[in-house]
C-alpha cells in the first residue's frame with residue numbers, strides 16, 4: 001500500500017485492513033514459503049516481526065503482511081518471485097537508516113537483508129566482498145584490520161547497501177571518490193527472479209545504473225569494493241565555536257576548503273552543544289558551530305594541514321589528534337541513534353556564498369528541537385574528477401552538500417519541526433544547484449527524482465529500468481519510472 005503525506009508533512013500510511021492488499025498472507029502460502037527459506041519468515045504477532053519491521057526513523061510505522069529475514073540470495077529470489085506472482089507491494093530493508101522509510105510497507109512483503117552480514121577481505125588484491133546487511137562499522141572493522149578502507153559515510157550505523165546504491169560519500173571521498181566509484185561488481189536479484197552479476201564487463205548497463213540509481217533495479221545480495229590504504233590511525237577531531245562567531249569562522253572555512261588537499265576533509269555541524277567531556281559544562285546545550293576535520297595523508301604532514309582550520313576564530317573547545325579511523329567513524333553515532341522522528345531536507349551547492357551563510361546561521365539559531373542539526377558536507381577532490389555520465393550519480397561539480405537533520409521525539413512537534421526544515425530549505429534554494437543526493441531525500445520529494453537526483457542521467461536510467469523492471473516491482477524507493 002502506498003504511503004501518503006498528511007497535512008503536517010508527516011509520513012503516514014493508510015490503516016491496516018482499510019483496503020485490498022492489507023489482509024494477512026494466506027496460511028498455505030506462508031507455510032509453503034517458510035518451508036523454502038533458509039532464513040526466517042515472520043508474520044504479524046510472531047517473534048521477530050516487530051524487530052524486522054521497525055525502522056530507524058520513528059515516523060515510519062507500517063505493518064507488512066510478511067517479512068522474509070533473508071539468509072542468502074536464494075531467499076531473496078524466492079521472496080521476489082512470490083511478490084511478483086501475487087502482485088504484492090515489495091519493500092527491501094538493508095542494514096541501516098533509510099530516511100524516507102521505503103524499507104517497510106503496509107500489507108505487502110518486506111525483505112529484511114540485515115541478517116546477511118558476511119565481509120570477506122582480500123588484503124593482497126585489496127578487495128572486499130560484502131553482503132547487504134552489513135553496516136559501515138562492520139565493514140570498517142574488517143578492512144581496517146589490514147589498514148585498508150573504501151569510501152563510505154560518516155556514521156558507523158549506516159547500512160552499506162543503501163549508501164552504495166545511492167552514491168556514497170564520507171571522510172575519504174575527496175581522496176578516493178564515491179563509494180560507487182570504488183564498486184567493482186554487484187550481485188542483483190532482478191524483477192524476474194534472476195540472479196545477475198553486474199560489473200564493467202558483465203551486464204555493464206545494469207552496473208552503470210546501480211551506481212547511484214538506488215534500489216530501482218533489483219535487490220543487491222553482494223557488493224565487491226576496491227580498497228585503499230587508510231590508517232589505521234588518522235588525524236581527526238572537532239573544533240567547537242559559539243554560533244555567535246560562526247560567520248567569521250565560515251568565511252575562513254570556505255576559503256580553506258576551496259584550497260584543501262584531497263587528503264583533508266572538513267565538515268561543518270551547527271547544533272546545540274552535546275555534553276562532550278572536552279566542551280566546558282557551561283556551554284552544553286548552547287548553539288555552536290563545529291568543524292569536524294579528518295586528515296588521511298602522511299601523519300607527519302597532518303598537523304600542518306589542519307593548522308589553518310584550527311586557527312580560525314577563538315574556539316570554545318577542541319579535541320584534535322591521532323586516533324583510530326574506526327573510532328572517528330563512530331564520533332557522530334550518538335547524534336543519529338534510532339528511535340527519533342526524522343525529517344531531512346538537502347541541497348547541493350557549488351560554493352558557500354554570503355547569502356547561503358546568512359540563511360544557515362539564521363535558522364541554526366532557531367533550532368526547533370535540541371536534536372536538530374545542519375550539516376555542511378565537504379566534497380570536491382576526486383569526487384569531481386569523474387565524468388557526469390560515468391555513473392548514475394551525476395553531481396560531479398558539487399563542492400558542498402547541506403543536509404538539514406530535523407530530529408525530535410514528540411509527535412506533537414511534527415508540524416513545527418517539519419515547517420522549520422522546509423523554510424530553511426526554501427531559503428537556501430536560490431543559492432543551490434537544484435540537485436540533491438538521493439539518500440538524503442525524504443518521502444515527500446518524489447518530484448525531485450528526475451531533475452534533482454538524476455538530471456541528465458534520468459533518461460538512460462528510465463530505459464534500463466524498462467529493461468530490467470518493466471512492471472516497476474521495485475517502486476518503494478525514490479522511484480525511477482520505466483521508460484514507455
Return the only residue of 197, 241 being touching a strand residue (DSSP E or B) at 6+ places or on another chain (Cβ under 7 Å), modelled with pLDDT of 95 or more, surrounded by fewer than 17 Cβ atoms within 10 Å (Cβ to Cβ) and part of a strand (DSSP E or B).
197
So residue 277 ticks every box in (1) over 19 Å from residue 367 (Cα atoms); (2) in contact with a strand residue (DSSP E or B) (Cβ under 8 Å, 6 or more places away or on another chain); (3) modelled with pLDDT under 95 but one. Which box is left unticked?
(2)
Filter result for the condition that a residue is in a helix (DSSP H, G or I) and closer than 23 Å to residue 104 by Cα, over 447, 475:
447
Every listed condition ((1) touching a strand residue (DSSP E or B) at 6+ places or on another chain (Cβ under 6 Å); (2) surrounded by fewer than 20 Cβ atoms within 10 Å (Cβ to Cβ)) holds for residue 294 save (2)
Select from the range 333-357 the residues that are modelled with pLDDT of 95 or more and loosely packed, with under 14 Cβ neighbours inside 10 Å and write down the one among them that is nearest to residue 248 (Cα to Cα).
354
For the structure I just gave you, tell me whether residue 289 is touching a helix residue (DSSP H, G or I) at 6+ places or on another chain (Cβ under 8 Å), over 30 Å from residue 146 (Cα atoms) and in a helix (DSSP H, G or I).
no
When you scan the range 157-166, do you find a residue that is more than 29 Å from residue 481 (Cα to Cα), touching a residue at least 40 places away in the same chain (Cβ under 8 Å) and either crowded, with 24+ Cβ neighbours inside 10 Å or in contact with a helix residue (DSSP H, G or I) (Cβ under 9 Å, 6 or more places away or on another chain) (or both), even just one?
yes
Taking the conditions exactly as written (surrounded by fewer than 17 Cβ atoms within 10 Å (Cβ to Cβ), over 22 Å from residue 234 (Cβ atoms) and touching a strand residue (DSSP E or B) at 6+ places or on another chain (Cβ under 7 Å)), does residue 126 satisfy them or not?
no
Just one of (1) touching a residue at least 60 places away in the same chain (Cβ under 8 Å); (2) in a loop (DSSP other than H, G, I, E, B); (3) buried (at least 20 other Cβ atoms within 10 Å of the Cβ) trips up residue 262, so point out which.
(3)
Test result for residue 3, outside the structural domain of residue 187 (by TED's automatic domain parsing), at pLDDT below 95, closer than 29 Å to residue 419 by Cβ and surrounded by fewer than 23 Cβ atoms within 10 Å (Cβ to Cβ):
yes
Does residue 326 satisfy the condition of being part of a helix (DSSP H, G or I), under 27 Å from the mean Cα position of the chain (by Cα) and at negative phi?
yes
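The values are calculated or read from the model by the stated rules, or taken from the named source; none is laboratory data. Computed from a prediction, not measured in an experiment: that's the story for all the values here. All Cβ positions, glycine included, derive from the backbone under ideal geometry; neighbour counts span all protein chains shown.
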